[in-house]
Amino acid sequence: MNGLDPFIEPGALVRLAGMDAWGLGQVQSVAGTRVTVNFEHAGKQVIDAHRVALVFVGDDPRDT
């Protein structure tokens with residue numbers, strides 16, 4: 001078990017804890033605890049989910 005939220009999978013919408021300015025991100029790939037995410041305002045980033053929390057967003061909050 002790597003401690004990664006089981007909902008963090010390709011296609012999932014996420015936010016990076018503490019980095020609201022990066023905006024909403026979509027998971028591109030997951031390899032162990034390395035998660036590639038394409039963020040609205042920060043582009044593609046590789047995140048070590050063992051060190052930094054990704055927060056699963058169940059629905060796109062922009063659709064409200």
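Would a scan of the range 51-59 turn up a residue that is assigned to a loop (DSSP other than H, G, I, E, B), at pLDDT below 90 and surrounded by fewer than 10 Cβ atoms within 10 Å (Cβ to Cβ)? Looking through the range 51-59, at least one residue is assigned to a loop (DSSP other than H, G, I, E, B), at pLDDT below 90 and surrounded by fewer than 10 Cβ atoms within 10 Å (Cβ to Cβ). Residues in the range 1-17 that are without any contact (Cβ under 8 Å) to a residue 40 or more places away in the chain and open to solvent by less than 70 Å² (accessible area, probe 1.4 Å): G11, L16, A17.
All of (1) modelled with pLDDT of 90 or more; (2) outside any strand (DSSP E or B) hold for R62 with one exception: (1). Cβ-Cβ under 9 Å, sequence separation 6+ or interchain: first residue in the range 29-41 and at pLDDT 95 or above, partner of a type in the set (K, R). Which pairs? Taking only residues 6 or more apart or on different chains, the pairs are T36/K44; V37/K44; N38/K44; F39/R15. When the range 18-44 is filtered for residues that are open to solvent by 50 Å² or more (accessible area, probe 1.4 Å), within 14 Å of V57 (Cβ to Cβ) and aliphatic (A, V, I, L, M), only M19 remains.
The values are calculated or read from the model by the stated rules, or taken from the named source; none is laboratory data. What you see is a predicted model, and the numbers here were worked out from it, not measured in a lab. Positions of Cβ are generated from backbone atoms using ideal geometry, with glycine treated the same way; all protein chains shown enter the neighbour counts. Areas reflect the complete protein model, heavy atoms only, side chains present, ligands, DNA and RNA absent. Shrake-Rupley method; radii C 1.70, N 1.55, O 1.52, S 1.80 Å.
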